[in-house]
Amino acid sequence: MRELIARNPRNAERIYPYIGGEEVNDSPTHSHSRYVINFGQCSLEEAEQWPDLIRIVREKVKPERDRLRDDTGPGAHAKKWWWQHLHPRQPLYSAIEDLSRVLVISRVGQQGAFAFLPGGLVYSEAAFVFADETYRFFAVLQSRAHEVWARSLLRQ
């Protein structure tokens, strides 16, 4: 990431911190150590304006996407739009774009602890993200009553 940005500072526009369940559960500061290239909803022509980044995605992502089935559904979409994230969760990112922080919990693990993380990150599928930055919402979700209710749903 640092090398790519040193080579062309404009690359920083499309390189984002990447947060997964491990950072939420295992790091007391919830700090990230991974980064991801994110072209968002850009067309291929637009994405090619970052030649260093599109080369990496073309080498590492496109071969995997080319192996997907050609019929309708997620495989066909992923193959056609290989430079974009497979499940971009655009409604989520639209909902959180103006928030300074979001509430996150890991999908995996037994901790069940919520944490506030900064906005402007890319979250893995292993993180449930709530588009709310209030302590009120945090208090409700982190309460014992909510925990008992949520765990009872897991047993069903």
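Nothing in this text is a laboratory measurement; each read-out follows from the coordinates by a stated rule. Here the structure is a predicted model, which is why all the values come from computation and not from measurement. Virtual Cβ from ideal backbone geometry, glycine too; neighbours counted across all protein chains shown.
Structure notes:
- Loop GluC sites (Glu not before Pro), segment 48-156, which have at most 10 other Cβ atoms in a 10 Å radius of their Cβ (DSSP): Glu97
- FRET efficiency, Gln41 to Ala145 (Cβ-Cβ, R0 41 Å, nearest 0.05): 0.55
- With contributions of -39500 (n - 2.57) from each DSSP H run of at least four residues, the per-residue ellipticity at 222 nm computed over the chain stands at -10500 deg cm²/dmol.
- If you plug the beta carbon distance of Thr29 and Arg155 into 1/(1 + (r/R0)^6) with R0 = 35 Å, you get a FRET efficiency near 0.60.
- Computed P(r) (all Cα pairs; the chain; 5 Å bins; percent): 1, 8, 15, 17, 17, 15, 12, 8, 5, 2, 0
- Working note: Cα gyration tensor of segment 2-68, eigenvalues times five, square-rooted, sorted largest first, giving semi-axes of 25, 17, 10 Å.
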